[in-house]
Ligand code: BTN
């Protein structure tokens, strides 16, 4: 796909149509369309171990798999992801062309924007904590697990898994750091509709400005964790390649999402960085 430079460049992978795959025996599709708006195969499951795992075995190319619940939901850093009924669990697989490996951050950025737009279409006001945590009312509403495959210097396959808290009740120990759409809005949502919207939005490519304009925490104090090192910083901005620019005691520095994580400052008001499922 064509990606230009500057603020207006598109941040997602190519949405080229793939070969449509049929549903396997036993799958329930609720009579809804078997392709997404962008022409990817759309498979809706009742239950699966993990939509990120299931999608690997599908033939064809671009695809979206959703499940009403997962029995082995996967989180980042090898953690598990509680995936109870009432949430949206969606994975999209794409095969980008001529997509430089160093632009992999853009896959995260695009997924973050897609989740935000889905929430906004439901009347909520989300923000993005760099690199790809989505917050509503200071709590995490969604988890994103991206599994990329590289071929030489290029990204050849991207598996983007999104777990969005819609009407599901959260485990007790996560109640002060996580939130659901139902809790945020004070009323439940049509889960199917949220799922359809997310399937649609993840099939689009957005300009970088859509990501940058939703960032939260800029100008605030935070701590950058880099291995055993903890660097107190003031967050400045995020650059075109997704690097975090921050003021540190030793001057201005750039941090890459692959190398560091972001925590709230000791007494700062920055949202707590903790996986949805601890
Ligand atoms: C995290 O916050 O740790 C990331 C969680 C990602 C969860 C989603 S749910 C759909 C997809 N399938 C999985 O097994 N994981 C992702």
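Throughout, read-outs are computed from the coordinates displayed, never taken from laboratory work. Since this is a predicted model, take the numbers as computed values, not measurements. So basically every Cβ, Gly included, is an ideal-geometry build from the backbone, and we count neighbours across all protein chains shown.
So how do 109-122, 226-239 stack up, highest first, on mean other-Cβ count within 10 Å?
Result, highest mean first: 109-122, 226-239.
Compute for segment 128-205: radius of gyration divided by Kirkwood radius, i.e. Rg/Rh, restricted to C-alpha atoms, rounded to two decimals.
1.05
Counting each pair of different Cα atoms once, what's the Kirkwood radius of segment 33-141 in Å, rounded to one decimal?
15.4
Note the full-extension length gain between residue 156 and residue 247 as 0.36 nm times their separation in residues minus their Cα-Cα distance, in nm to one decimal.
Contour length minus the Cα-Cα distance gives 29.3 nm.
Give me the distance between the Cα centres of segment 196-211 and segment 116-138, rounded to whole Å.
What the calculation gives is 13 Å, centre to centre.
How many angstrom lie between the Cα centre of segment 30-77 and the Cα centre of segment 217-256?
Centre-to-centre (Cα) distance: 35 Å.
Among 166, 224, what is the fewest-to-most ranking by other Cβ atoms within 10 Å? Each step should come with its number before you reach the end.
Numbers: 166 23, 224 20.
Ordered by Cβ neighbours within 10 Å, fewest first: 224, 166.
Want the number for residue 236 to residue 97: 0.36 nm per residue separation, take away the alpha-carbon distance, what's left?
Value of the extension gain: 46.8 nm.
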